[in-house]
Amino acid sequence: MKEFMDTNLNKNNMSETNLSAAKVRFDNFSVSFLPDKPGGAIVEALSGINLSVGDKKILSVIGPSRSGKTSLLRSVNRLNDLHPNFVPGGDILIDGAPVYASSNIDITALRRKAGMVFARPVILPLSIYENIAYGPRLAGNNSKPSLDELVESALKDAYVWEEVKDRLQSPAASLSGGQRQRLCIARVLSMRPDIIMLDEPTSALDPVSTAKIEETLIALKSKYCIILVTNNVKQAARVGDKTAFFLMGRLIEHDDTSKIFTTPRDERTENYITGRFG
Amino acid sequence: MNSRTEEKIAVNILRLAALSAIAVLLFVIIYVAYKGAGSLTMTFIFENPRDMGREGGIFSAIVSTFYLAALSSMIATPLGVGTAIYLCEYTTESAVTKIVRFGSDCLAGVPSIIFGLFGFVLFVIYLKLGWCLLSGALTMTFMILPTIIRTSEEAIKSVSYELREASYSLGATRWQTITKIVLPQAVPGIITGVILGVGRSISETAAVIFTAGSALATPESILESGRTLAVHFYIIAREGISMERAFATALVLIIFILLINIITYALMNKFIAGKKT
């Protein structure tokens, strides 16, 4: 563990210089949910978040439940818009372009650009092939050769190709939990996104499948900006270049993963990562 | 009384209740079959009625029944499924959805004779369609609409929210999500509602007599009057024309409804199995 930390530290120090270009930037971003019934309390899920995520990096987001981690992710691809009482504040910038301020943003294009993997592997009731081709088809790609190629490369990049290549036309529901989650990652990759967001992707998986997903993520980071929300502090340490600690809707600390796990500045961070609460 | 005897008594009473439902169904089927089987021949099915139904068969009634059921379910299904989609997917729970839902529930409780009167006034008189299968089918549409709305709504609601979210997160619009993910999943439930509706329009008499009339000839278009099996049965039994033929007609009606149920359940199982394997 100590050795791992050290190498991670060096890597981060080396890349510190070119961090100026943020892929995703949360600019004083906040999320609140209006009460369902008049007279109820407004729920502030996130407040005053300032956070940058670099390209080709993994940001681990940790924190106890109700800390706003999921709200954070679901704000980037505007999935929170589906919630009738959702009110955003501030803005999120992807490549400098605001997600909320611009009125004519194409939300479907945004969701293709910022792909999302959910906690429970959600399989569309379609074949393995069609699960992967779903996104590209919606984007207007209907050419069979191009889809074939996309499906194959996405499944390969998600390290699940070897296991499913002989049964692409069988229903995706026949896959195991770990395979399903890698299928979900492949489904996101097939949209050729810039950003991959994962919301506790291994919380429903066994340790072997979890290890495979983590390997996949580390391999993917050379091409994508990855935000990994996790309840598993050790996973954050293993995978993340940077780690952000959230508590009660506030960003408590954000730094290189090695620093967070060796010399956290905030006492609450230390208490959380050492397992004193959470 | 100790709790064990209480349990025993309760189970037996419940068993009796369940048995009585099946017993009534069996009794009806067996009695109708017993009374009607004697007159049920091929010529009875394929000949038109003569002498007000004393002679001949029921071919024209079968044709009218088919027209009426097909037409009303063809109009009611898109309307009902559309309403259900709107209520489930495009609105949040509000006063409007509550009013629509309450209205459709009230519609389900309106006696059929009132629908008949309404259809008579609106389609036959006011819209000058006259007594015809179209008037009857439009009237039946309103009668079966609530069933289709409610069952479709339940079917659409039972599709998990996670699936929708996954679809949205892959860049699908609401409509794409509905057509590609939600509706295919909800089809078995929707079909159940449509079948219930078809069954109701096949067996309805009061509303149909008022709107589609009771002409004995085979209808050549939906703008002609026609006599459905249920109406034919009602008239020849009520006017004492021929009890035997009335029961034979009833037997055909029951067989039709059984066939429709069996075929759709078979198709549905195949459909569900096809989704899984």
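None of the figures in this text is laboratory data; all of them are computed from the coordinates on show. Bear in mind that the values here come from a model prediction, so they are computed numbers and not experimental data. With ideal geometry, Cβ positions are generated from the backbone for all residues, glycine too; neighbour counts draw on all protein chains shown.
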Discussion item. Please give me the summed charge of the neighbours of A:T202: other residues whose Cβ is under 10 Å from its Cβ, Lys and Arg +1, Asp and Glu -1.
Written reply: -2
Worksheet item: Once label points are set 7 Å from the Cα along Cα→Cβ at both B:I125 and B:V110, what is their separation, rounded to one decimal in nm?
Response: 1.5
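Could you please rank A:L59, A:L72, B:L251, B:L196, placing first whichever residue has the fewest other Cβ atoms within 10 Å of its Cβ? Don't skip to the end; give the middle numbers.
Numbers: A:L59 25, A:L72 28, B:L251 22, B:L196 16.
Fewest-to-most Cβ neighbours within 10 Å comes out as B:L196, B:L251, A:L59, A:L72.
List B:V96, A:V188 from most exposed to least, where exposure is judged by having the fewest other Cβ atoms within 10 Å. Each step should come with its number before you reach the end.
On the way: B:V96 12, A:V188 27.
Ascending Cβ contact count within 10 Å gives the list B:V96, A:V188.
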Worksheet item: To the nearest 10 degrees, how steeply does helix B:3-36 sit against the main Cα axis of chain B, on a 0 to 90 scale?
Response: 40
Item to complete: Pairs of Cα atoms under 8 Å, at least six residues apart: use those to get the relative contact order of chain A, whole percent.
Response: 26
Discussion item. At a 10 angstrom cut-off on C-beta neighbours, averaged per residue, how do the peptides B:223-235, A:227-239, B:108-120, A:152-164 rank from highest to lowest?
Written reply: B:223-235, A:227-239, A:152-164, B:108-120
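Explain nothing, just the number: relative contact order of segment B:40-276, from Cα pairs under 8 Å at least 6 residues apart, as a whole percent.
On the way: 341 pairs, mean separation 65.6, N = 237.
After rounding, I find 28 percent.
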Fill in: Cβ-derived FRET efficiency at R0 30 Å, A:D194 paired with A:K234, nearest 0.05
0.60
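Considering lysine pairs in chain B that are 8 or more places apart or on different chains, how many have Cα atoms under 25 Å apart? Let's see the in-between values first.
Numbers: B:K98/B:K157; B:K157/B:K180; B:K157/B:K270; B:K157/B:K275; B:K157/B:K276; B:K180/B:K270; B:K180/B:K275; B:K180/B:K276.
So the count of such lysine pairs works out to 8.
What does the average come to when, for each residue of peptide B:4-11, you count the partner chain Cβ atoms lying within 10 Å of its Cβ?
Details: counts 0, 0, 0, 0, 0, 0, 0, 0.
Taking the mean over all residues of the peptide, I get 0.
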Fill in: Cα-centre dipole for chain B with unit charges at Cβ (Lys and Arg positive, Asp and Glu negative), debye to 20
420
Practice prompt. List B:C88, B:C132, B:C106 from most exposed to least, where exposure is judged by having the fewest other Cβ atoms within 10 Å.
Written response: B:C106, B:C88, B:C132
Item to complete: With a point put 7 Å past each Cα toward its Cβ, work out how far B:T97 is from A:D81 in nm, to one decimal.
Response: 2.0
Worksheet entry | Difference of contour (0.36 nm per residue) and Cα-Cα distance, A:A173 to A:A204 | 9.6 nm
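If you put +1 on each Lys and Arg Cβ and -1 on each Asp and Glu Cβ, how big is the dipole of segment B:1-102 around its Cα centre, in Debye rounded to 20?
Numbers: 8 positive and 7 negative charges, 57 e Å.
For this selection, approximately 280 debye.
Lys and Arg at +1, Asp and Glu at -1: add these up for the other residues within a Cβ distance under 13 Å of A:G89 and post the number. If you can, show how the numbers build up before the last one.
Details: positive: none; negative: A:D27, A:E44, A:D91.
Once positives and negatives cancel, what remains is -3.
For peptide B:169-181, what's the mean number of Cβ atoms from other chains within 10 Å of each residue's Cβ?
Working: counts 18, 18, 18, 9, 3, 1, 0, 4, 1, 0, 0, 7, 4.
Partner-chain Cβ atoms within 10 Å, mean over residues of B:169-181: 6.
Nearest 0.05, what FRET efficiency do B:K270 and A:T263 give at R0 = 56 Å with Cβ-Cβ as r?
Working: r = 64 Å, r/R0 = 1.14.
After rounding, the FRET efficiency stands at 0.30.
Could you work out the mean count of beta carbons from other protein chains within 10 Å of each residue's beta carbon in A:117-124?
Values: counts 2, 4, 1, 3, 2, 9, 3, 8.
Neighbouring Cβ atoms belonging to other protein chains average 4 per residue here.
Among the trypsin sites (Lys or Arg not before Pro) within segment B:114-158, which fall in a DSSP loop and have no more than 16 other Cβ atoms within 10 Å of their own Cβ?
Details: sites: B:K128, B:R150, B:K157; in loops: B:K128.
Answer in residue order: B:K128.
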